[in-house]
Amino acid sequence: MAIPRPQSSQSPSSRLEGILADTDRIEELSDSDGDYEDMGTATEEEQANIAYLESVRIPIQDQLQTDSSKVQNETLQAVLPFLEGNPNDFPLNIFGIPQLQRMKHIAFLKQTLGDYPSAFAMMDASRPWLVYWSLQGMSVLGHDISEYRERVAHTFSLAQHPTGGHGGGYGQLPHLAATYAAVLSIVMVGGAEAYESINRKTMWHYLGQMKQADGGFTMADGGEEDIRGAFCALVIMSLLHIPLELPPDAPARKSGLTSFTDGLGEWISKCQSFDGGMSAAPGNEAHGAYAFCGLGCLSIIGPPKETLNKYLDMMTLIHWLSARQCSPEGGYNGRTNKLVDGCYSHWVGGCWSILEAAIDGQDIWNRSALSRYILSAAQAKKGGLIDKPGKRADAYHTCYNLAGLSAAQHKYVYEADVQTELGGGELDAPYYWKAEGLFEDERVWGSDDVVGEVHPIFVVPFKAVHECRSYFDSKEGF
């Protein structure tokens, strides 16, 4: 079901005048001192962009000044020139929006897989992430990453810990975040050599050590218990077809648990906060990235329509996620009263396909506004994508901006009979997703701006997902 938008023949101003008294707290944005400097005659494309931005402005502004509101206003002033015009002088598509700088972004990501100066030693434990972000970014841009297959297999065979799981590099202790990024990198390059570099039996035992008596997972031995751990663990288990039964040495067995999913849905339910969002752990502040982890985890346990409606208050969650889209920027923030940030193009933008599958809805979010932000404000002039104008490009923001653009451009749907050859197994719900064409209504991208299809749960290409699971489905035992 699509969420209806209220209709009114009155303008925001006329309606507000009828219900609001004159105060010092409320003013029309169009009457404020924050109007933009006249830079001369605007081009036809700029006029169209400005008209669009005026149509999506929040009609009232609270004049109470806080540190947060000041930074938000400063951020808006930094972003608007990119939404109105084209400061980077990129070629424009047929909609007057900067074209996707595909080759520049590929070149940037290739550099991130090279050598790093000594100042980056502090990033040593994040090496699996740098590989994943770069490979996924290149893949969604259409670049063949098979040339990295041997390097990936070698790198992560060295990073694999003897007791299971992966660390940041050789000799480092295993961590679920590093393990998640390593497994996804291996899945993307594919091939028997890469798959066989993973010791699935020790991985099973390692994940068993992370499972907690209350249903959740820790990120490392003795580490923090949060919703990332649950998501990372189930992604790994599903792709590698690891048994659902807890290993005999799993500490959670002492509390009567026998399966990795025992108590997990109930634990995730407790992570939904009072305002509808999802937090890292029960009682914490809601955050967009944790929302994606929670929805993704439930969508691995079972079909989204069953698991999400069973464990979450869907309407308050939709309300909270909708409020993350900034106006008029069009991009998302991650928390209440925070700034727009390109990475949430995925962490929040990626939630919508899952939610639509859970409520039988269609187009309950503004894809075009997000796409405008990514193409206009999140592309760095020299390549790579960014948090917001004024920030440096990095592999993290490049990967997740592009994943968000894919979610906006493609329609991803869940169908129970779409993948029969992989059905019937444990944690097989993610294999019933498919891409069902491009979104066409009010699109702002041309054919050269379209990126590849990304699996909505695993955030790697569909083909890589199915080849990996098919490979491990064919194996008996470990």
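Read the figures in this text as sums done on the coordinates, not as results from a lab. Here the structure is a predicted model, which means the values were calculated and not measured. Cβ placement follows ideal geometry from the backbone for every residue including glycine, while neighbour counts extend to all protein chains displayed.
Overview of results
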read-out	value
Cα-based shape type of region 39-148, given that a ≥ b ≥ c are square roots of the gyration tensor eigenvalues and the cut on a/c is 1.5	oblate
Relative contact order computed over region 113-244 (Cα-Cα under 8 Å; 6+ residues apart), in percent	21
Ascending count of other beta-carbon atoms within 10 Å, so fewest first, for S259, S279	S259, S279
Residues I227, I94, I242, sorted so that the one with the fewest Cβ neighbours within 10 Å comes first	I94, I242, I227
Trypsin sites (Lys or Arg not before Pro) within region 437-478: DSSP coil, no more than 13 neighbouring Cβ in 10 Å	K475
Value of [θ]222 nm, deg cm²/dmol, for the chain, DSSP H segments ≥ 4, -39500 (n - 2.57) each, nearest 500	-12500 deg cm²/dmol
In region 193-289, chymotrypsin sites (Phe, Trp or Tyr not before Pro) in a DSSP loop with at most 10 other beta-carbon atoms within 10 Å	F274
Shape category assigned to region 102-473 from the gyration tensor of Cα positions, a/c cut at 1.5	rounded
For Y180, net neighbour charge (Lys/Arg +1, Asp/Glu -1) across residues whose Cβ lies under 14 Å away	+1
Linear extension gain, A107 paired with Q172, 0.36 nm per residue minus alpha-carbon span	20.4 nm
Theoretical FRET efficiency, 1/(1+(r/R0)^6), r = Cβ-Cβ of I50 and D214, R0 51 Å, to 0.05	0.45
Sorted by Cβ density within 10 Å, fewest first, the residues S139, S55, S273	S55, S273, S139
Within-12-Å neighbourhood charge of K305 [Cβ basis; K, R +1; D, E -1]	-3
Centroid-to-centroid separation of region 302-363 and region 97-147 [C-alpha atoms, Å]	27
Spatial separation of Cα centroids for region 446-466 and region 181-196, in angstrom	17
Neighbourhood charge, 12 Å Cβ-Cβ cut-off, centred on R372 and excluding it, Lys, Arg +1 and Asp, Glu -1	-2
